[in-house]
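Undergrad: Take this structure, written in structure tokens, and hold onto it; I'll ask about it next.
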Amino acid sequence: MANKHYSVPSFLLTNYFFLFLLSSSSPSSAFPLSTSSRWIVDDAAGGQRVKLACVNLVSHLEPMVAEGLSKLPIETIAEKIGSMGFNCVRLTWPIYLVTDESLSSLTVRQSFQRLGLIDTAAGIQANNPDIVDLPLLQAFQQVVSTLGENNIMVILDNHITTPGWCCSNDDGNGFFNDRYFDPNLWLTGLTRMATLFNGSTAVVGMSLRNELRGPKQNTQDWYKYMQQGAEAVHAANPNVLVVVSGLNYDKDLSFLSSRMVKLSFGKKLVFEAHWYGFTDGQAWADGNANEVCGRVSGNMKRMSGFLLEAGYPLFFSEFGIDQGGGNLNDNRYINCFLGYVAEFDLDWAYWTIVGSYYLRQGVAGWSESYGLLDRDWVEPRNRSFIERISAVQMPFRGNHIRETGLFCLRISC
Ligand SMILES: *[C@@H]1O[C@H](CO)[C@@H](O)[C@H](O)[C@H]1NC(C)=O
Ligand SMILES: *[C@@H]1O[C@H](CO)[C@@H](O)[C@H](O)[C@H]1NC(C)=O
């Protein structure tokens with residue numbers, strides 16, 4: 001998080017400015033978080049802004065174990081995340097992790113053995129001997145606490161009900177009352193997870209559900225259940241930010257412009273949205289990049305960006321590109337998207353830190369082309385991308401800092 005990409009002119013090194021940098025680079029003290037209009041702030045630090053610059057770490061696939069543990073010790077993963085300038089992880093989990101005893105009672109080793117991933121179990125034994133024989137839920141807690149010890153804030157994201165790759169319209173996990181999306185089981189799961197981490201200073205937020213979607217989606221049920229989910233999390237764990245996603249794969253929160261959610265508590269509500277290059281099909285590759293950027297930025301504002309002006313924090317909790325550099329659609333999109341992130345100084349989470357998955361869609365060791373780390377979790381796939389993204393890791397603005405020339409210090413302008 002250090003300001004290593006430019007030298008700060010001495011006239012800016014007032015105490016005020018310096019404190020600002022220091023406090024935003026020590027997330028360990030940033031607990032609990034609250035909201036103040038569109039900003040996420042640290043109450044304990046006098047309401048100082050905290051900008052979420054996160055990566056997604058996947059823990060909702062069939063093994064129900066955070067990815068990468070067969071490659072590296074969890075401490076090393078946490079250190080790598082921090083050394084790349086991220087201050088936070090969006091950690092995904094499936095409801096069954098806390099509601100299905102036959103799964104959650106498995107140890108990590110048993111979970112891999114039952115999937116035939118014998119080599120992976122051996123990798124975990126070698127790299128994380130303290131974790132390999134823990135039950136899945138305790139292993140999850142161990143991952144969270146290690147991230148916290150390394151000053152990485154954690155946002156727990158309920159990604160899906162049934163462990164496995166997400167998301168499609170017909171996977172039964174898309175919307176309330178789909179085949180695997182029993183609202184009561186979901187509320188039970190959220191309550192258990194929130195209770196488990198009540199008192200943990202690592203967990204700063206919980207997002208209620210990833211990418212609602214599919215033929216059943218409607219705003220009436222959205223208000224009903226999302227309000228219930230938010231209340232359930234807050235009742236079990238009043239410290240966490242409650243992160244609420246929209247419809248249509250978390251693209252659409254536009255319906256809130258005519259009716260806001262009603263909650264019994266304040267200062268904890270954050271909205272989240274997702275936007276990838278492929279959200280607009282091949283529009284970026286096929287069209288004029290400037291023209292598409294103008295149109296898509298307008299769409300993002302209409303779908304979710306308007307919430308900032310309405311006084312709510314908006315967390316872009318998934319975006320990402322093919323790190324290989326050969327995807328024209330992605331390359332054009334990311335130019336535009338990072339401009340949008342900078343302009344509104346958004347909170348965000350890159351998809352993903354994962355270099356390869358234990359098992360994705362039936363393929364063992366699936367190499368993640370959007371992953372920041374390579375297949376073996378050793379080197380960045382693309383160093384120039386890490387450099388680029390570092391430009392939006394630090395806050396440009398905040399509730400305590402007027403809009404000065406800070407923006408221009410980070411981005412050439
Ligand atoms: C959560 O923890 C706080 C202490 O930090 C405690 O006062 C409260 O009772 C706990 N809530 C629940 C629901 O366990
Ligand atoms: C990294 O991404 C850039 C485009 O952003 C691309 O030109 C370059 O080839 C990529 N590098 C590697 C090592 O893939």
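The values are calculated or read from the model by the stated rules, or taken from the named source; none is laboratory data. This structure is a prediction, so every number in the text was calculated from the model and none was measured. With ideal geometry, Cβ positions are generated from the backbone for all residues, glycine too; neighbour counts draw on all protein chains shown. Note: areas computed on protein heavy atoms with side chains; ligands, DNA, RNA excluded. Shrake-Rupley method; radii C 1.70, N 1.55, O 1.52, S 1.80 Å.
Undergrad: Quick one: accessible area per residue over segment 246-289, 1.4 Å probe, rounded to a whole number of Å²?
TA: Computed with neighbouring chains in place, this is 44 Å² per residue.
Undergrad: Can you spot the aspartates and glutamates whose alpha carbon is less than 13 Å from LYS268's alpha carbon? Ignore those fewer than 8 places along the same chain.
TA: Here the aspartates and glutamates satisfying the reach criterion relative to LYS268 are ASP42, ASP43, GLU231.
Undergrad: Continuing with the same structure: Quick one: pull the percent of accessible area on the chain belonging to carbon and sulfur, 1.4 Å probe, ligands and nucleic acids left out.
TA: Carbon and sulfur together cover 50 percent of it.
Undergrad: Another one. Taking the Cβ of THR35 as the centre, find all other residues whose Cβ is under 14 Å away and add up their charges (Lys, Arg: +1; Asp, Glu: -1).
TA: Working: positive: ARG38, ARG49, LYS51, LYS267, LYS268; negative: ASP42, ASP43, GLU272, ASP347.
So the surrounding residues net to +1.
Undergrad: Only bridges whose two residues both fall in segment 25-395 count here: according to DSSP, what percent of them are antiparallel, nearest 5?
TA: 25
Undergrad: Now a separate question. Quick check: the distance between the Cα centres of segment 264-293 and segment 170-189, to the nearest angstrom?
TA: Rounded to whole Å, the Cα centres lie 25 Å apart.
Undergrad: If you don't mind, there's one more thing I want to ask. Give the accessible surface of segment 62-214 per residue, rounded to a whole number of Å², with probe radius 1.4 Å and ligands, DNA and RNA excluded.
TA: Here the per-residue accessible area is 33 Å².
Undergrad: With the crude spin-label approximation of a point 7 Å out along Cα→Cβ, what separation in nm comes out for SER37 versus ASP130?
TA: Roughly 4.4 nm, to one decimal.
Undergrad: When ranked by the protection proxy of mean other Cβ atoms within 10 Å per residue, highest first, what sequence do the peptides 323-329, 152-158 form?
TA: Final packing ranking: 152-158, 323-329.
Undergrad: Calculate, axis by axis, the spread of Cα positions in the chain along the three principal axes, and write the results as whole Å, longest axis first.
TA: Each principal axis gives a Cα extent; for the chain these are 59, 49, 47 Å.
Undergrad: Tally Lys and Arg at +1 and Asp and Glu at -1 over the other residues with C-beta under 13 Å from the C-beta of PHE112: what net charge comes out?
TA: -2
Undergrad: Can you give the calculated 222 nm mean residue ellipticity of the chain, where each DSSP H run of n ≥ 4 adds -39,500 (n - 2.57) and the sum is split over every residue, rounded to the nearest 500 deg cm²/dmol?
TA: -10000 deg cm²/dmol
Undergrad: Sticking with this structure for a sec: Label-point separation (nm) for GLU149 and MET260, each offset 7 Å from Cα along Cα-to-Cβ?
TA: Simple spin-label model gives 4.2 nm for this pair.
Undergrad: Just the number please: accessible area per residue for segment 305-400, 1.4 Å probe, all protein chains included, in Å². Walk me through the numbers before you get to the answer.
TA: On the way: 3120 Å² over 96 residues.
Averaged over the residues of segment 305-400, the accessible area is 33 Å².
Undergrad: What does segment 144-267 give for Rg and for Dmax, in Å, if only its C-alpha atoms count?
TA: 14.5, 42
Undergrad: For labels at ASP221 and ARG179 in the simple 7 Å Cα→Cβ model, what's the distance in nm?
TA: The two pseudo-label positions are separated by 1.5 nm.
Undergrad: Summing Lys, Arg as +1 and Asp, Glu as -1, what charge do residues with Cβ under 12 Å from the Cβ of GLU149 carry, GLU149 excluded?
TA: Details: positive: none; negative: GLU75, GLU79.
Surrounding charge for GLU149 is -2.
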